[in-house]
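What follows is a single structure, written as structure tokens, with notes after it.
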Amino acid sequence: MLNKIKLENILFLDIETVPEVATFSELSIEKQELYGLKTQYQRKDDISAEDFYERAGIWAEFGKIICISVGYFVDQDGARCFRVKSFSGNEITLLKEFKQLLDHHFNKPNHLLCAHNGKEFDFPYIARRMIINKINLPEKLNLFGKKPWEVAHLDTLELWKFGDYKHYTSLKLLAHILGIPSPKQDIDGSQVANVYYIEKDLNRIVKYCERDTIAVAQLLLRFNNSALLQDDEIIYV
């Protein structure tokens, strides 16, 4: 079935998230309590909500998006190329820019969004942050009332599961076993908050996010047994 989908109709993406504020103490008392309740089942008995705050970015209720990187295939003078673009910085601004891309360029019925673990993380996280920030959902993220086969989402993790719901495989591991250049050349997800709040190096995070987006596209190529992207086929816009 995958080989029947035109690559040009797919928008590949990855997001990077961090806790909404730098430290637990910056949260209101009420939100500190709510975070404690939200995380009580993930924390061990001797770990306080404050000590667990470094992980707050994984929940849309307590985190924010600092980068969305996208990639898409185009035919350029008869040659395949892959264009990569990032939206980063202020969350409301980047969400509006991403929404504009979906509304104006990836709004057709045959257009698809693709991410690794996107159905569990990227897609719902973006949608929730849009609602929190009072941004109308683009059609590709508005799942209300849609049947499963009407949802225009591809997930490379789900594809790799082959129906095995227990099986989680990280992007890094999958890239390694399929001979794809590792996207984790500099930092990994656990370091993003520190790089953002302490080092204040957003550009480093953007590059990391872009590498993940390219890796997702490479996965889909491998699933189709197609040639991987070469460096000269990738264009940053």
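Laboratory data are not the source of any read-out in this text; all were calculated from the coordinates shown. This is a predicted model, so every value here is computed, not measured. Note: ideal-geometry Cβ built from the backbone for every residue, glycine included; neighbour counts use all protein chains shown.
Order 10-18, 214-222 from most to least packed using the mean count of other Cβ atoms within 10 Å.
10-18, 214-222
Arranged from highest to lowest average of other beta-carbon atoms within 10 Å per residue, in what order do the peptides 227-234, 160-167 appear?
Top to bottom by mean Cβ count within 10 Å: 227-234, 160-167.
In nanometres, what is the gap between the two model label sites at Glu33 and Asp231, each 7 Å from Cα along Cα-to-Cβ?
It works out to 5.6 nm between the two label points.
Using helices alone, I'd like the mean residue ellipticity at 222 nm for the chain: each DSSP H run of four-plus residues gives -39500 (n - 2.57), total over residue count, nearest 500.
-10000 deg cm²/dmol
How many angstrom lie between the C-alpha centres of the range 1-70 and the range 188-204?
Taking the Cα centre of each part, the range 1-70 and the range 188-204 sit 14 Å apart.
Determine one quarter of the surface area of the Cα convex hull of the range 113-199, which equals its mean projected area, and express it in nm² to one decimal.
On the way: hull surface 31.2 nm².
That works out to 7.8 nm².
With a bin width of 10 angstrom, please list the P(r) values of the chain as percents of all Cα-Cα pairs, from the 0 bin to the one holding the largest distance.
Taking every Cα pair in the chain, the percentages come to 7, 31, 36, 21, 5, 1, 0.
To check you understand DSSP bridge types, tell me what percent of the beta bridges within the chain (both residues inside) are antiparallel, rounded to 5.
65
With a Förster radius of 30 Å, plug the Cβ-Cβ distance of Ile177 and Arg204 into 1/(1 + (r/R0)^6) and report the FRET value to the nearest 0.05. Could the numbers behind the result be given before it?
Details: r = 27 Å, r/R0 = 0.89.
With a Förster radius of 30 Å, E is 0.65.
Let me have the relative contact order for the range 1-123, percent, based on Cα pairs under 8 Å that are six or more residues apart.
Rounded, it is 34 percent for the range 1-123.
Treating only the Cβ atoms of Lys and Arg (+1) and Asp and Glu (-1) as charged, compute the dipole magnitude of the range 98-237 about its Cα centre; round to the nearest 20 debye.
Result for the range 98-237 is approximately 480 debye, rounded to the nearest 20.
What's the extension gain from Asp103 to Leu137 if we count 0.36 nm per residue and subtract their Cα-Cα distance?
Gain in length upon complete extension: 11.3 nm.
Name the residue from Thr169, Asn107, Asn194 whose Cα lies farthest towards the positive end of the charge dipole of the chain, charges +1 on Cβ of Lys and Arg and -1 on Cβ of Asp and Glu.
Final value for the positive-end residue is Asn107.
Can you tell me how the range 1-93 classifies by the Cα gyration tensor, rounded, prolate or oblate, using a/c under 1.5 as the rounded cut?
On the way: a/c = 4.40, a/b = 2.57, b/c = 1.71.
In terms of gyration-tensor shape, prolate.
Run the quick spin-label model on Gln42 and Glu61: label points 7 Å from Cα toward the beta carbon, then report their separation in nm to one decimal.
Here the answer is 1.1 nm between the modelled labels.
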